[in-house]
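Asker: Can you keep this structure in mind? I'll have questions shortly.
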Amino acid sequence: MPDPYRARYAPHSLAFIIIICLTTVSASATPAEATSYGVRAVAIAASKEGAPYVYGATGPREFDCSGLTLYAFRKAGRVLPRTADQQYRSTHHISRRQRTKGDLVFFPAGSTIAHVGIYAGHDKIWHAPRPGTRVRLERIWTGNARYGRAN
């Protein structure tokens, strides 16, 4: 025998559950949220100043370029893919004018992204430049950089 309560309220309950799940799973960060965790990522990257560049390293004592961004954003509460190219593909692309502290700065080489850093404001980035160097704050050296905001 059918339950009259279930027949009457189940469709509404199911719709409510679906809406809650979709909102939770698919919501992107608002600009304010992106700025908040981006600023935390900048501070985390800055705290790693002087850490040596080691190819493939993701911290906490050694980093390559995308390892630093991966580490800083993970500690700030956001997950990024491993490589600079994958990070570029997973971000919301923005213009140079739209960039704010904590956005990612990508440096293309041909059809791929060869390097990434975290925008620190005033046309500077925190990054792990290359083998033989250490994590540092540096002026963006090219007008060819691309910008992305982590979701």
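The values are calculated or read from the model by the stated rules, or taken from the named source; none is laboratory data. Just so you know, these numbers come straight off a predicted model, no measurement behind them. Backbone-built Cβ (ideal geometry, glycine too); neighbour counts: all protein chains shown. Side chains included, ligands, DNA and RNA excluded: accessible areas come from the protein's heavy atoms. Shrake-Rupley method; radii C 1.70, N 1.55, O 1.52, S 1.80 Å.
Asker: State whether one or more residues within the stretch 85-93 are surrounded by fewer than 17 Cβ atoms within 10 Å (Cβ to Cβ), modelled with pLDDT of 95 or more and more than 23 Å from ILE113 (Cβ to Cβ).
Answerer: No, the conditions are met nowhere in the stretch 85-93.
Asker: Return the pairs, sorted by first residue and then second, in which the second residue is of a type in the set (Val, Ile, Thr) and in a loop (DSSP other than H, G, I, E, B), the first residue lies in the stretch 68-83 and is touching a residue at least 60 places away in the same chain (Cβ under 8 Å) and more than 12 Å from VAL39 (Cα to Cα), the beta carbons are less than 8 Å apart, and the residues are 6+ apart or on different chains.
Answerer: LEU68/VAL135
Asker: Those residues that are assigned to a loop (DSSP other than H, G, I, E, B) and among the β-branched types (Val, Ile, Thr), I need them from the stretch 72-130; list them, please. Give the steps one after another, and end with the answer.
Answerer: Taking the stretch 72-130 and keeping what is assigned to a loop (DSSP other than H, G, I, E, B), we get 77-83, 91, 95, 99-103, 110-111, 122-123, 128-130.
Passing the criteria: VAL79, THR83, THR91, THR100.
Asker: Among the residues of the stretch 32-42, write down those that are open to solvent by 60 Å² or more (accessible area, probe 1.4 Å) and touching a residue at least 12 places away in the same chain (Cβ under 8 Å).
Answerer: Result: VAL39, ARG40.
Asker: Kindly indicate whether any position in the stretch 131-145 is closer than 12 Å to THR69 by Cβ and open to solvent by 10 Å² or more (accessible area, probe 1.4 Å).
Answerer: Step one: of the stretch 131-145, the residues closer than 12 Å to THR69 by Cβ are 135.
Okay, now just the ones that are also open to solvent by 10 Å² or more (accessible area, probe 1.4 Å), so none.
No - not one qualifying residue is present in the stretch 131-145.
Asker: Keeping to the stretch 64-82, report how many residues are in contact with a strand residue (DSSP E or B) (Cβ under 9 Å, 6 or more places away or on another chain) and surrounded by 19 or more Cβ atoms within 10 Å (Cβ to Cβ).
Answerer: So the answer is 11.
Asker: Also, quick follow-up: Condition test on ALA109, is it among the aliphatic types (A, V, I, L, M), modelled with pLDDT of 95 or more and touching a strand residue (DSSP E or B) at 6+ places or on another chain (Cβ under 7 Å)?
Answerer: Numbers: among the aliphatic types (A, V, I, L, M): yes; modelled with pLDDT of 95 or more: yes; touching a strand residue (DSSP E or B) at 6+ places or on another chain (Cβ under 7 Å): no.
Criteria not met by ALA109.
Asker: Can you find even one residue in the stretch 45-56 that is modelled with pLDDT of 95 or more, open to solvent by less than 60 Å² (accessible area, probe 1.4 Å) and part of a helix (DSSP H, G or I)? Outline the logic, then answer.
Answerer: Start the filter on the stretch 45-56 by keeping residues that are modelled with pLDDT of 95 or more, which leaves 45-56.
From what is left, the residues that are open to solvent by less than 60 Å² (accessible area, probe 1.4 Å) are 45-46, 48, 50-54, 56.
Cutting the leftovers down to part of a helix (DSSP H, G or I) gives us 45-46.
Yes - at least one qualifying residue is present in the stretch 45-56.
Asker: Applying the selection to the stretch 97-130, what residues are open to solvent by 80 Å² or more (accessible area, probe 1.4 Å) and either closer than 13 Å to GLN87 by Cβ or basic (Lys, Arg) (or both)?
Answerer: As a first pass, look at the stretch 97-130 and keep what is open to solvent by 80 Å² or more (accessible area, probe 1.4 Å): 97-98, 101, 111, 122, 130.
If the condition is that a residue be open to solvent by 80 Å² or more (accessible area, probe 1.4 Å) and either closer than 13 Å to GLN87 by Cβ or basic (Lys, Arg) (or both), then ARG97, LYS101, ARG130 are the ones that fit.
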